[in-house]
Amino acid sequence: MRIRIRIRLLASAALMLVGGVGQAQPAAQTGTAVTLEEIIVTAERRTTSLQDTPVAVTAIKADQLQSRGVQTVRGLENLVPGLSVGSQTNGPGANSATFWIRGLGQLRAGNGSEPSVPLYIDDFYYPGIAGNVLRAMDIEQVEVLRGPQGTLFGRNSTGGAVRYQTRQPGPDLGGFLEGTYGSYDRTDLVGALNIPLDDNLAVRLSGASMKTDGYVKHVADDEKGGSSKNKLFRIQVRYQPVDALTLNLSYEEADSFSQGSTAYIPVISPTGTLAARWNARPGNLPRFDQSLVSRCTYCNNGGLIIEDFDDAEASHLHFTGEWEVNDHLVLKLLSGRSVIDDEWSNDIDGTPAGGRQYSSSRVEAYSHELQAQGDIGDRLNYVAGIYYYDENFNATSGQLAPNAAGLITESRSSYDNSRESISAYTNITFSINDRLKATGGLRVGEEKIRINTRNILPATGASDAGSLKETMTLPLARLQYDWGDNVMTYLSVSRGARAGGFNIVPANADAIGFNSEDVTSYEGGARMAFLNRRMTVNPTVFYTDYNSMQINRQYTPPPPAPPSPTSILENAGKAHIYGVELESSTAVTNNLRLMLSGAFMKGAFDELNPQAGVKLDSPLPRLPRWFYSMGAMYDIDHASGGVTTINLDYAWRSAQYGSASDVDAVRIAPYGLLNGQIEHAFPNGQWKLAVFATNLADRKYLTGGLNLLSLVGVQRFDMGRPREIGIRLRSAY
């Protein structure tokens, strides 16, 4: 059955793509000068037009991010088909977001797992998700790649990759200063200054300070959860001693702080393990019962005695050297160091009763990559590289929860987790003729993971250790055919892998391991332009075989640790996922642009290990069946030379489930979000003034959740942000 589905998808794709050839020809006869702006991407580690790139990639420029309502990294899911961005229930707070692409992702970070969809900043892997703030980054463009990555990028992945490209130092003196004020006392100040010191040396300084108040009321102490404060500073230096050699050095520091839970608690069960033990305390108040459920959508009874915050401090030092040896060979060296300190405390149940989890951790990571790009003759292009990555994760974590006698007890453990990876990759494209290209890629690598754990409370001394060594061989094959100037189609098969590791379990010193997972992805797509390139239509179909999949399940640490909700990763079995994606843009006139994207996705488990906490008919996590996004942008030209631009965007997704485990999975209801902006650019181009709104219809929606009724006694959801209105003033100089 699965083979037939795969064949039908690829066959229908081929028919659809070939059928588009006949439609492309009349567009060239319209004679209009209206065209879409060409989108340039670096998804294949070289500069290409999006319409000539045989990869499923969405590219969004910085001004489009603002105009289409993307205020933080989570807003990307409203523009990218197949992308879901979740929150971390029972983990680090509002500073964290987890990416899922085509149903492949990471439920939690800081638990010993690797991301299925890693984040890159200027081609450097970001080790973790704490403090991954988007709008402060002085971004040039964001690219979201869908499908396995491994023959081009530093770290291999199964789901895809999110790539930030920052603005680089340039030859002209200039910069910008931007201030924003909005709902919930949102106050942002962002700026950058580019300073050319001479003809071959330039410096760029950028910084940001951003804050916003919370939006979920804590009844117990009248505070509001969901507030955040973010600060960032970056310095970049570009030195070009000769035309063929470019040296880039950058350093940045970022501080991201969030406070207060955004939990919505609709149901409480006094028979849950933690609830029953809390209620066993003589004369204990408040009782853990239905009186503590949320009385409104944006309120809960948390606070009072439970701290709830996440404080992440990160620093990144990156060096890139690029040497154009000759017209046919470019060598590139990338070396970087990242340090992320993260401290968080989490109210387990979202009420004044119950317990608390906490953690203090440091990630220190080094990466080195040597890359060669070039061509041999007129027909062969290649990328090849060697990549080394070394990461150390140190943490002390614990929990406070009632024991069997109802007494609050504390347990605490420490962890030293190291990960070392070395790999080599290559990607070669050969032009068989003027229209047909064949690409072959291969990545081979080795991953070593070690862990040492130690109990601190209640019994000091108990410890455990473990080690894991894995090798990976990840091939890629692709055929690309250019039917003319306006239509390109491709078919590809690729393999990706996510490394195994050891679970980081609060208050438990056991080294619980899990193995790597791998996916094989079959993909077909077309990149088509019509009406003299006034319209682009880019469909993609895919089928993914998912093996040894890592899923989370609830886990209760053994005595003497008190029972408290946590989760561990384990290899559950096999699954398959398939779907169709579409992205399209149309220049109706010189002033009116329309954007449309959508996705249909479906998947199921095929085989399960006996201990897996799911059934064959259980839903896969973060896999909404339907998604669509519609946008319109209209420019009003004024006689004075100014331009007013009106943007309106709407995105809708069907229901999805927050996790894979049957015991803790909750259904996240379908929802749609409407964003809008009106921006006026003054005649000299120096000043821009904008009024914007996100969630314009004030839709109440969920970003994540867990069913903790049996272990804790609550069902909790994470609320999305309500309607927010703001004003932004930008000055370029």
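The values are calculated or read from the model by the stated rules, or taken from the named source; none is laboratory data. Being a predicted model, the structure only gives us computed values, none of them experimental. In this analysis, Cβ positions are derived from the backbone assuming ideal geometry, glycine residues included, and neighbour counts consider all displayed protein chains. These accessible areas exclude ligands, DNA and RNA; they are computed on the full protein's heavy atoms, side chains included. Shrake-Rupley method; radii C 1.70, N 1.55, O 1.52, S 1.80 Å.
Quick one: would you say Arg495 is open to solvent by 50 Å² or more (accessible area, probe 1.4 Å), over 29 Å from Arg146 (Cβ atoms), of a type in the set (Lys, Arg) and assigned to a strand (DSSP E or B)? So Arg495 fails the test. In the set Val519, Val541, only one residue is among the aliphatic types (A, V, I, L, M), in contact with a helix residue (DSSP H, G or I) (Cβ under 7 Å, 6 or more places away or on another chain), part of a strand (DSSP E or B) and within 15 Å of Tyr578 (Cβ to Cβ); that residue is Val541.
Restricting to the stretch 240-267, name every residue that is outside any strand (DSSP E or B) and either open to solvent by less than 60 Å² (accessible area, probe 1.4 Å) or on the phi > 0 side of the Ramachandran plot (or both). Those that are outside any strand (DSSP E or B) and either open to solvent by less than 60 Å² (accessible area, probe 1.4 Å) or on the phi > 0 side of the Ramachandran plot (or both): Ala244, Gly260, Ser261, Thr262. Would you point out the residue of the stretch 447-472, among those that are of a type in the set (Lys, Arg) and at pLDDT 90 or above, that is farthest from Asp518 (Cα to Cα)? Of everything passing the filter in the stretch 447-472, Arg450 is farthest from Asp518 (Cα to Cα). Is it the case that the stretch 442-454 has a residue that's surrounded by fewer than 22 Cβ atoms within 10 Å (Cβ to Cβ) and more than 31 Å from the chain's Cα centre (by Cα)? Checked the stretch 442-454: at least one residue is surrounded by fewer than 22 Cβ atoms within 10 Å (Cβ to Cβ) and more than 31 Å from the chain's Cα centre (by Cα).
Suppose the filter is basic (Lys, Arg), closer than 29 Å to Gln259 by Cβ, open to solvent by 50 Å² or more (accessible area, probe 1.4 Å) and touching a residue at least 60 places away in the same chain (Cβ under 8 Å); does Arg362 pass it? Criteria not met by Arg362. Might you let me know whether the stretch 675-695 holds any residue that is closer than 17 Å to Ser84 by Cβ, among the polar types (S, T, N, Q) and under 28 Å from the mean Cα position of the chain (by Cα)? Taking every residue of the stretch 675-695 in turn, none turns out to be closer than 17 Å to Ser84 by Cβ, among the polar types (S, T, N, Q) and under 28 Å from the mean Cα position of the chain (by Cα). Looking at this structure, is Ala208 within 26 Å of the chain's Cα centre (by Cα) and open to solvent by less than 60 Å² (accessible area, probe 1.4 Å)? Judged against the criteria, Ala208 is a match. When Trp278 is tested against the conditions (1) among the aromatic types (Phe, Trp, Tyr); (2) open to solvent by less than 50 Å² (accessible area, probe 1.4 Å); (3) under 16 Å from Asn300 (Cα atoms), the lone failure is (3).
Go over the candidates Leu232, Leu197, Leu189 one by one and state the one that is aliphatic (A, V, I, L, M), in contact (Cβ under 8 Å) with a residue 12 or more places away in the chain, assigned to a strand (DSSP E or B) and open to solvent by 30 Å² or more (accessible area, probe 1.4 Å). Answer to the check: Leu189. Here Thr271 fulfils each of the conditions (1) in contact with a strand residue (DSSP E or B) (Cβ under 6 Å, 6 or more places away or on another chain); (2) open to solvent by 60 Å² or more (accessible area, probe 1.4 Å); (3) closer than 30 Å to Ala405 by Cβ apart from (1). Yes or no: Leu177 assigned to a strand (DSSP E or B), in contact with a Lys or Arg (Cβ under 9 Å, 6 or more places away or on another chain), modelled with pLDDT of 95 or more and open to solvent by 60 Å² or more (accessible area, probe 1.4 Å)? It is true that Leu177 is assigned to a strand (DSSP E or B), in contact with a Lys or Arg (Cβ under 9 Å, 6 or more places away or on another chain), modelled with pLDDT of 95 or more and open to solvent by 60 Å² or more (accessible area, probe 1.4 Å).
Of all residues in the stretch 406-430, those that are surrounded by 18 or more Cβ atoms within 10 Å (Cβ to Cβ) and either part of a loop (DSSP other than H, G, I, E, B) or charged (D, E, K, R) (or both) total 2.
In the stretch 264-298, the qualifying residues are those that are aliphatic (A, V, I, L, M) and touching a Phe, Trp or Tyr at 6+ places or on another chain (Cβ under 9 Å), and the one that is modelled with the lowest pLDDT is Leu274. It is to be established whether one or more residues within the stretch 567-575 are at pLDDT 90 or above, crowded, with 20+ Cβ neighbours inside 10 Å and either over 30 Å from Ile39 (Cβ atoms) or in contact with a strand residue (DSSP E or B) (Cβ under 9 Å, 6 or more places away or on another chain) (or both). Yes, that holds for at least one residue. Among the residues here, Ala202 does not qualify as farther than 21 Å from Glu313 by Cβ, assigned to a loop (DSSP other than H, G, I, E, B) and out of contact with any Cys (no Cβ under 7 Å at 6 or more places or on another chain). The residue that is farthest from Thr180 (Cα to Cα), among those in the stretch 684-733 that are basic (Lys, Arg) and open to solvent by less than 30 Å² (accessible area, probe 1.4 Å), is Arg716.
Taken over the stretch 604-620, the residue count meeting the criterion of being under 15 Å from Arg553 (Cα atoms) and in contact with a Leu (Cβ under 7 Å, 6 or more places away or on another chain) is 2.
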